[in-house]
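The values are calculated or read from the model by the stated rules, or taken from the named source; none is laboratory data. Source: prediction; values computed, not measured. With ideal geometry, Cβ positions are generated from the backbone for all residues, glycine too; neighbour counts draw on all protein chains shown. Heavy atoms of the whole protein, side chains included, go into the accessibility calculation; ligands, DNA and RNA do not. Shrake-Rupley method; radii C 1.70, N 1.55, O 1.52, S 1.80 Å.
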Amino acid sequence: MSRFLSSPITAAIVGCPFSGGQPRVGVDQGPIHMVEAGLVKQLTELGWKVKFDGHHQFEEVNAITDPPIGKLKNPRLVSAVTKAVANVVGGHAKKGELPITLGGDHSLAMGTISGTLEAYPDACVIWIDAHADINTADTTDSGNIHGMPVSFLLGLGSPIPEFSWVKPALKPERLVYIGLRDIDAGEKRILKENNIKAFSMHEVDRYGIGKVVEMALDHVNPKRTLPIHLSFDVDALDPSVAPSTGTPVRGGLTFREGHYICEAIWETGLLVALDLMEVNPSLADAASVKQTVTVGCSLVRAALGETLL
Ligand SMILES: NC(=[NH2+])NCCC[C@H](N)C(=O)O
Ligand SMILES: [Mn+2]
Ligand SMILES: [Mn+2]
């Protein structure tokens, strides 16, 4: 049973309207749409005390001039924003609150996971995504930093002075992926070299989602004692389920598989932080946008204890 059932019970929504880790405008509107869809009220109805005092603005950093560093696009902006996010998320976590970060693009996870690891140095990370987001400054083709946050957290690749605040606080054995199906060649090499456990859609097909989540937990959290940070990129879901996202890849998780992951992690009682990333409400027709925002909210509810019965 959850350790949150008896005590804390405060969830802090960290709205991050940020798109600087990738080129498509609109992903900054994701958190605004999820809150407007009623997420705060929905979580309150689940029994949570919900803290939300507006979305983060990042105005002070939006103005900086930011030419590429090597291939990295918007490096100073991404660094400044994710550093701010790390402080906010770490602050909530240290108070015993459950930070729920709404993106915004997945570069934000450099901040959220840094914040979690400040508060809980032994936390493990469960990363749900079509992509591994583990390119380094050396391997990236796109230069989009949302394809790289994991490598920074692990301390891989040539160091970039602008990101020196990011501590390599994540150990490869504390990281597991579910849902992968679009991995760059350099990323495949990094996953192998570092022995990082990943369950692609192939394993989801072979074993079923129930077994995959159990194996994933067995790997990163064998005794079920470590705090869990769940970082959920909505593009892990099949585009038929979550169409409005910047880098959709066919062959993804079904609606139920996505929700099952969230429910099973909630059931461990070990969830200490959640990210719901890459909802981009400007990439589809109104009905598809609504569908994507709605599924984003329902994944958050599933991770925070909503049950079917
Ligand atoms: N968070 C995401 N949707 N990431 C997509 C990354 C795509 C590609 N691997 C890249 O490095 O650009
Ligand atoms: Mn992705
Ligand atoms: Mn991602």
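Looking only at the range 16-74, residues that are more than 18 Å from the chain's Cα centre (by Cα), polar (S, T, N, Q) and at pLDDT 95 or above come to 3 in all. Residues considered: VAL204, VAL272. Of these, the only one that is away from ligand 1 (no atom under 15 Å from the Cβ) and over 30 Å from GLY20 (Cα atoms) is VAL204.
Output the qualifying pairs, or none if there are none: Cβ atoms under 7 angstrom, residues six or more apart or on different chains, first residue in the range 124-149 and free of Cβ contacts under 8 Å to residues at least 60 places away in the same chain, second residue of a type in the set (A, V, I, L, M) and open to solvent by 20 Å² or more (accessible area, probe 1.4 Å). Within 7 Å, the pairs are THR136/LEU156. Only one of the numbered conditions (1) closer than 24 Å to ASN280 by Cα; (2) of a type in the set (A, V, I, L, M); (3) buried (at least 24 other Cβ atoms within 10 Å of the Cβ) is not met by ALA93, and that is (1).
May I ask you to verify whether LEU217 is more than 30 Å from SER19 (Cβ to Cβ), part of a helix (DSSP H, G or I) and in contact (Cβ under 8 Å) with a residue 40 or more places away in the chain? So LEU217 passes the test.
Within the range 37-148, which helices (runs of 4 or more DSSP H) (wholly inside it) include 2 or more residues that are within 12 Å of ligand 1 (Cβ to nearest atom)?
Values: elements: 39-45, 59-62, 75-94, 109-119.
By residue number, 109-119.
Residues in the range 224-241 that are part of a loop (DSSP other than H, G, I, E, B) and within 22 Å of ALA273 (Cα to Cα) were compared, and the one that is least open to solvent (accessible area, probe 1.4 Å) is PRO227. Pairing residues of the range 276-303 that are within 16 Å of ligand 2 (Cβ to nearest atom) with residues that are open to solvent by 60 Å² or more (accessible area, probe 1.4 Å) and not small (Gly, Ala, Ser), at Cβ distances under 8 Å and at least 6 apart in sequence or on separate chains, gives VAL279/HIS33; ASN280/ARG24; ASN280/GLN29; LEU283/ARG24; VAL295/PHE255.
Can you spot a residue in the range 107-127 that is open to solvent by 10 Å² or more (accessible area, probe 1.4 Å) and within 11 Å of ligand 3 (Cβ to nearest atom)? Talk me through it step by step, then tell me what you get.
Going through the range 107-127, the residues open to solvent by 10 Å² or more (accessible area, probe 1.4 Å) turn out to be 114, 117-122.
Subsequent filtering for residues that are within 11 Å of ligand 3 (Cβ to nearest atom) retains none.
No.
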